Structure formats: structure tokens, C-alpha cells
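Chemist: Quick one: the structure is below, questions incoming.
All of the numbers you see were taken from the coordinates with simple rules; none came from a lab. This one's a predicted model, so the numbers in the text were calculated from it and none came from an experiment. Note that we place each Cβ from the backbone using ideal geometry, even for glycine, and neighbour counts take in every protein chain shown.
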Amino acid sequence: MHDELIQNIEAIENRIMNACEKSGRNREEIKLLLATKTVSAKRIEIALNAGYRLIAENKIQEVKEKYEALARIPHESHFIGHLQTNKVKEILRYNIDCIESLDRLELAEKLHQRLTIEDKHLDVLVQVNTSKEVSKFGVDPAGAIDLIKAVAQLNRLHIRGLMTIGLFSAEPALVRPCFQLLKQLSEDIKTLHIPNVQMRELSMGMSGDLEIAIEEGATIVRVGTAIFGKRIYPDSYYWNEQNN
Ligand SMILES: *Cc1c(COP(=O)(O)O)cnc(C)c1O
């Protein structure tokens, strides 16, 4: 089990390297984020001990369950799931370094309020729904700039970039436009020079489409299945409104 995990990570490393070569990018420009939903703390520990540093969960319940076991191992933790407004206080207990799934002003305001009380700051990425699938979270691309301008006013939150989940399709010609849209949006936002807004990160690409994402400018690729194996729950369990 240990060796297989390491082999899987090496295979992903190769895929990232090949995509970098193909698009003339440096490997250092891209962070591999381990999407660890349903993965035990023990297996996450193996990956961290192999030198990986960036992990992310989708549900607060899982963050909570693994928090103690992982606390002594140096790592950076992101949150990539749908966050309910009434869970804001709870999530701030677990030293999350970045919430990648900020998708609405109400959530930003609640976070800001709570961060003010606790005298903390938090990095966020704004999640954009680039695939137009109703089942996916994220702000509509047309509303992204207004949301970002509003969140920029909340000085406890620091926007570091954008995140998206591409269309689920084996057809690159259908997936690529999602990533191109996110990249274009980040370029448009850069030209606005909004105070308290950086467009440093583009979090896009997963097990099935990370090469395309890298070719289109990803700085974070989020990989779960290709490293840890298939999950017992379908993705809809994590991504649909009803289940969150
Ligand atoms: C699970 C998940 C991933 C990783 O997906 P895989 O297809 O398992 O690599 C990436 N991003 C988000 C938001 C996820 O929930």
C-alpha cells in the first residue's frame, strides 16, 4: 500500500513534468495539491513523509477527524469544498491556510466577521463555475469581478487567485475552454489593479485533466483518485447542494 501510493505520486510527477515540457513551463511554477477526501490520516501521512506539503479536504467533518493526527507533520492545508455559512466558526479552528472555494459575498462577510473577532487573516481563492453545469458550485463568470471587488473590501480576507472545476468530459476540446476562461478572467482582473487582490494562483486540473490545465496556466493542480485510488462515494456526494 505504501509503495503503491509513492508510485502513483511518481506517475503524477511524470505527467506534470511532461505537461510542463510540452508547454514550456517550469515544474516549480506548479504545486501538486493532494485532494484527500475519504483518505485516512495514515495514508495522507505517507504522502507527507514523501515530501508533499499541500493537502485539501472538501468537508469540515473530515478536516476535523484527521486534524490531530496530522497536526505534528508540517504541511499546508487548503479547503476545496462547499462551505456553509453556519460552518465558518468551525472551520477557523483548524488552521486552514487557504479556502479555495469562496463563491459568494455572504460567505466572505461571515468569514470576515469571525476573523475580525479572532484577530486573524485568511487567504482565499474565488471559485468560478466555468463549465456552466448547474450541479457545480462557484460564482458565475459574469459575476466574478463584482464579487472580487466586494470581497477586496473585507480586509481580513486576501484574494490570491481563482479556482475552478473543469467540465467532466474525456474530450479535451470541451474541457480546455473552462481553463482558458479562468486564465482570461485572471488576466482581466490583473489589469484592474484592485487593492488587496492578487492573481497569483490558478487552481485548476484534476486526475483526468491536469495536463490541459497546466498547458493553460494552472499553478495548482488538485489530484485525488490518481494518487489514492477510487473513492466509494460519487463526486456528486461532494459537489451537489443537497448533500452539503
Ligand atoms: C476530489 C476533488 C479533486 C480531485 O479530483 P480527482 O478526480 O480525484 O483527482 C479536485 N478538486 C476538488 C474540488 C475535489 O473535490
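Chemist: Looking at the chain only, what percent of DSSP beta bridges run antiparallel? Nearest 5 please.
Modeler: Given both bridge residues lie in the chain, the antiparallel proportion sits at roughly 0 percent.
Chemist: Now for a different question. Within a 10 angstrom radius of the beta carbon, how do Arg72, Arg53, Arg160 rank from fewest other beta carbons to most?
Modeler: Taking fewest neighbouring Cβ atoms as first place, the list is Arg72, Arg53, Arg160.
Chemist: Please go through the stretch 55-94 and write out the GluC sites (Glu not before Pro) that DSSP classes as loop and that have at most 16 other C-beta atoms within 10 Å.
Modeler: Filter output for the stretch 55-94: empty list.
Chemist: Let me ask something additional. Send over the per residue convex hull volume for the stretch 16-101, Cα only, as a whole number of Å³.
Modeler: Hull volume over Cα atoms, normalised by residue count, gives 107 Å³.
Chemist: Percent of alpha carbon pairs in the stretch 120-223 separated by more than 22 Å?
Modeler: Tail of P(r) above 22 Å: 26 percent of Cα pairs.
Chemist: To the nearest 20 debye, what charge dipole does the stretch 8-77 have about its Cα centre, counting +1 at the Cβ of each Lys and Arg and -1 at the Cβ of each Asp and Glu?
Modeler: Charge dipole of the stretch 8-77: 120 debye, to the nearest 20.
Chemist: May I ask you to compute the full-extension gain from His158 to Glu65, defined as 0.36 nm times their residue separation minus their alpha-carbon distance, rounded to one decimal in nm?
Modeler: My answer for the length gained is 30.8 nm.
Chemist: Evaluate the Debye formula for the chain with equal point scatterers sitting on the alpha carbons, no solvent, and hand back log10 of I(q)/I(0) at q = 0.08, 0.10 Å⁻¹, in q order, two decimals.
Modeler: -0.28, -0.45
Chemist: Ok, one more. Once label points are set 7 Å from the Cα along Cα→Cβ at both Ile73 and Ala150, what is their separation, rounded to one decimal in nm?
Modeler: A separation of 3.9 nm, rounded to one decimal place.
Chemist: When the gyration tensor of the stretch 75-171 is built from Cα positions, what are the square roots of 5 times its three eigenvalues, in whole Å, from largest to smallest?
Modeler: Working through the eigenvalues yields semi-axes of 23, 15, 11 Å.
Chemist: Would you look at the GNM of the chain, springs on alpha carbons closer than 10 Å, and say which of Leu111, Leu33, Leu154 moves the most?
Modeler: Of Leu111, Leu33, Leu154, the most mobile in the Gaussian network model is Leu154.
Chemist: Relative to the Cα centre, what is the charge dipole magnitude of the chain, using +1 at the beta carbon of each Lys and Arg, -1 at the beta carbon of each Asp and Glu, and rounding to the nearest 20 debye?
Modeler: 440
Chemist: Next up: Percent antiparallel among DSSP beta bridges with both residues in the stretch 1-145, to the nearest 5?
Modeler: Roughly 0 percent of the beta bridges in the stretch 1-145 run antiparallel, per DSSP.
Chemist: Looking only at Cα atoms, what is the convex hull volume of the stretch 181-244 per residue, in Å³?
Modeler: 126
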